[in-house]
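Here the structure is laid out as structure tokens; the discussion comes afterwards.
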Amino acid sequence: MTERWTLYAAPMTCAMAVHAALLEAGLEPERDFEVRWVHRGPGRQIAEAEFAALNAKRRVPCLVTPDGELLTEIVGVLAHLDTLHGPPRSPAERRRLIEWLAFVATEFHQAILGPMFDPQSPEAAKADGAQRLLPPLLEVVAAHLETRDFAVGASPSGADYYLGWALALARFGAREAVAHPALLAYLERLSAIEGFQKAQAINLERYRALAVA
Ligand SMILES: N[C@@H](CCC(=O)N[C@@H](CS)C(=O)NCC(=O)O)C(=O)O
């Protein structure tokens, strides 16, 4: 039995969204949760033996609850943290939260960002993602954010931390595509959220340290 949450993460991966959600829930690093950083190898399968023994899927994020339960799959992890620490939500709002999480996971993350940042992915797949698949998704998100500050409800949620991570990464890989003023304003809004800002800064620092190592 552990007494705190353990987040397994790799720098600048989607685990950053879970890191932000833990911080925004008011959980104190080290006291309430710890982050264990794992090394990504080639092939999009984390090879560390200890991690592989814990999580056969060999993907981050994975989150171990204070009761020792292993949670994988970012949609479920963020939805669970929202249930525990988010604002009270109507059934309709909860449906929208899951809808946004699933949209980011399937359409942005796995369909576009996965290949875009996988060194083994064919160049044609990366270009197809950036040029054909990404623009219509960005139009949907920009239209949604024209009239609201956050993906769901009146305050930031896991859907925003995940969407913000995806947009920031898409901007890194295809800067000119992520130029709609509503998207840039949204990224600005997110970078003013303390937990998101802190998670991003920690992840960037770790990522840069690995890059020069
Ligand atoms: N199905 C998992 C996939 C998560 C995923 O794709 N994680 C990536 C990082 S963003 C990963 O762990 N990749 C292993 C690697 O690149 O070595 C989920 O939705 O949580």
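Numbers below:
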| quantity | calculated |
| --- | --- |
| Within region 148-165, backbone nitrogen closer than 17 Å to the virtual label 7 Å beyond the Cα of E93 toward Cβ | 148-161 |
| Burial ranking of peptide ranges 57-68, 117-128, 178-189 (average Cβ count within 10 Å, highest at the top) | 57-68, 178-189, 117-128 |
| Cut-off under 5 Å, modelled amide H: who pairs with E34 long-range | W5, T6, L7 |
| Extension gain from E28 to E73, taking 0.36 nm per residue of separation minus the Cα-Cα distance | 13.9 nm |
| Nearest-20 debye value, the chain charge dipole, Cβ charges on Lys, Arg, Asp, Glu | 380 debye |
| Stretchable slack from K57 to Q120, in nm (0.36 nm times residue separation minus alpha-carbon distance) | 20.8 nm |
| Charged-residue dipole, Cβ positions (Lys, Arg, Asp, Glu), region 91-193 about Cα centre, Debye nearest 20 | 140 debye |
| Per-residue [θ]222 nm for the chain (sum of -39500 (n - 2.57) over DSSP H runs n ≥ 4, rounded to 500) | -15000 deg cm²/dmol |
| For region 131-179 versus region 17-52, the gap between their alpha-carbon centres in whole angstrom | 23 Å |
| Using distinct alpha-carbon pairs, which all enter the 1/r mean, Kirkwood radius of the chain in Å | 17.6 Å |
| Protection-proxy order for peptides 157-163, 103-109, each taking the mean of Cβ atoms within 10 Å per residue, highest first | 157-163, 103-109 |
| Paramagnetic label zone (point 7 Å from Cα along Cα-to-C-beta, E3; backbone N under 19 Å) in region 57-83 | 64-69 |
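Any read-out appearing in this document is the output of simple, stated calculations on the displayed coordinates, not a laboratory observation. Keep in mind the model is a prediction, meaning the values are calculated, not measured. Backbone-built Cβ (ideal geometry, glycine too); neighbour counts: all protein chains shown.
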